[in-house]
Amino acid sequence: MTVLAKGALDEGSTAWAQGGIAAVLEPGDTFDHHVEDTMVAGAGLNDRGVVEFVVSRAPAAIERLRALGVPFAEEGGALHLTREGGHSHRRIVHVADATGWAVQEALQRAAEAHPNITLIPHQVAIDLATSRHEARYSGAGNVWGVYAVDRRTGAVNLHTARATVLATGGAGRTYLFSTAPAGATGDGIAMAWRAGARVANMEMMQFHPTCLYDLRLKNFLVTEAVRGEGGRLVNPATGKRFMESYDPERLELAPRDVVARAIDAEIKRYGLDYVHLDISHMPADFVRAHFPTIHEKLLGLGIDMTTGPIPVVPAQHYTCGGIVVDRDGRTDLPGLYAAGECTSSGLHGANRLASNSLLECFVFGEAVADHIAGAWDALPPVPAIRPWDESRVTDSDEEVVIKQNWTEIRRFMWNYVGIVRTTKRLQRAASRIRLMTDEVADYYGHFRVTPDLIELRNLLQVAELIVRSALHRHESRGLHYTLDWPDTLASPRDTVLVP
Ligand SMILES: Cc1cc2nc3c(=O)[nH]c(=O)nc-3n(C[C@H](O)[C@H](O)[C@H](O)COP(=O)(O)OP(=O)(O)OC[C@H]3O[C@@H](n4cnc5c(N)ncnc54)[C@H](O)[C@@H]3O)c2cc1C
């Protein structure tokens, strides 16, 4: 097995996850409760069968990670569980506030030690190799691997495979403010779409309510767990704990979309740059013990969360929609699988419940592996595939085009396709995308591919899918909130786009 990554192996979102992984482990908690919490957060758009599938496999997934050496926090001999917004029980296993990093380290160590796994970083996949690239066209529609550019040499290599798995993460960088790493440009979603796979629910873009407001550092997330452990949201202009006016029962533990919209409303109403997240009323030792990474990072920026509030703003955080997959992680295309944030599996519906996303990666990662192993002998061998053709392109002399378009996309997506939408704003975004599509296609057709150009092309493609999906949905549900269709329709329906 060969694993490609477009940068270093640990540059995905996984290593950045702070909070933890959800699983039913507390006495008194049940799979039914976890299923119900997931369905409530997902505003009923979830596929209940898939939710049950994932939730019931969560405890075993945690055990597998422990066996691989992930040092989950314990208390009195049992796993320590925290509680996060939208969860009716303490359910989140964690490694202090750096869970993702611990998981990444353990998985990478295991992969490096495995004799059948070859890890190749710094390979930016450009497109899937499909039947269209066969030396003798078969018309079967299979996927046979990827073409990828080597970041260090600029050479484009063909990596063929009987089975190809996209685990390329989300598309957060379509937005100006995002907690996701720089590489979250929706490459896998765009590649699958171009190759002919359906994508679903791309309008369901989650905004994390509490990203640190700091103009030097635009993507530092302050985990949900700070609210879970007692943190309060306060309007710095009025000094008032404002969630009382938006969700008096659940307050700061309301689902993310509710909290993000409340902060957005306060910021817009009072002309603020940020609101305050305050946990300084809790004992300083407690805060330091629960949030060592955040505490230290903030101290470096001159903020002491044990004595005063943290300035926060909402930022794009999670891509709920993506490539349509079944319970084995199979896409529409023979030989192509997908898992994790690049998919629309049916788990999240219209909004992801906190800490269900890493869980989805582990459950579907295993399902994909099992399916490929079981089907291996029946998978057809790879035919001859044409090498990448660079005969008609030259080196770019106008890199500024990339920078200009990149910034423009992220800005209009933020302003027109953000937390609160209208049809007019979506149409404005759509017309800008149309203009830019010709320019980027022209550029792509004439110049040698570079990582920046690949990402720009994908970013634009994904922006188009998000806007098109948002225009399709004539209701407000979960993360999709539009002033023109404020009501929720009686029966939930996926937005499925067919290439
Ligand atoms: C700050 C932050 C905190 C989070 N906290 C939590 C949490 O507490 N709990 C939780 O459940 N979830 C959390 N999430 C969400 C969760 O981390 C992600 O949903 C999950 O890690 C996604 O994993 P993935 O394997 O799908 O993608 P990633 O981990 O993002 O990996 C994507 C991989 O694909 C590679 N790739 C992408 N494009 C290409 C290309 N063109 N060519 C080659 N390789 C490519 C990248 O190099 C990378 O290695 C958090 C996310 C963020 C950003």
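Within segment 370-392, the set of residues being of a type in the set (Gly, Ala, Ser) and crowded, with 17+ Cβ neighbours inside 10 Å is empty. Across segment 203-229, which residue is most open to solvent (accessible area, probe 1.4 Å) among those that are among the aliphatic types (A, V, I, L, M) and in a loop (DSSP other than H, G, I, E, B)? Result: LEU215. Of all the residues in segment 425-456, those that are touching a residue at least 24 places away in the same chain (Cβ under 8 Å) and under 22 Å from MET205 (Cβ atoms) number 12.
Residue-by-condition table, conditions (1) under 27 Å from ARG457 (Cα atoms); (2) away from the ligand (no atom under 15 Å from the Cβ):
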residue	(1), (2)
ILE189	yes, no
ALA197	yes, yes
THR210	no, no
LYS240	no, yes
TYR246	no, yes
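Only residues that are within 19 Å of the chain's Cα centre (by Cα), under 26 Å from MET191 (Cα atoms) and small (Gly, Ala, Ser) were counted across segment 101-125, and they come to 1. The residues of segment 110-121 that are in contact (Cβ under 8 Å) with a residue 12 or more places away in the chain, more than 9 Å from the ligand (Cβ to nearest atom) and closer than 24 Å to ARG152 by Cβ, listed by number, are ALA111, ILE117, THR118, LEU119, ILE120.
Under the condition of being farther than 21 Å from ASP328 by Cβ, of a type in the set (S, T, N, Q) and within 16 Å of the ligand (Cβ to nearest atom), the residues counted in segment 19-53 number 0. Criterion applied to THR14, THR2 was being within 11 Å of the ligand (Cβ to nearest atom), at pLDDT 95 or above and open to solvent by 30 Å² or more (accessible area, probe 1.4 Å), and the one residue passing it is THR14.
A count restricted to segment 263-318 and to residues that are open to solvent by 30 Å² or more (accessible area, probe 1.4 Å), within 16 Å of the ligand (Cβ to nearest atom) and among the polar types (S, T, N, Q) stands at 1. For segment 125-172, residues that are closer than 24 Å to THR343 by Cα and modelled with pLDDT under 95 total 4.
Residue count for segment 145-202 under the criterion of being at negative phi and outside any strand (DSSP E or B): the result is 36.
The values are calculated or read from the model by the stated rules, or taken from the named source; none is laboratory data. Predicted model only: the values in this text are computed from it and were never measured. Every residue, glycine among them, receives a Cβ derived from its backbone with ideal geometry; neighbour counts consider all protein chains shown. Heads up: the accessible areas ignore ligands, DNA and RNA and are worked out on the full protein's heavy atoms, side chains in. Shrake-Rupley method; radii C 1.70, N 1.55, O 1.52, S 1.80 Å.
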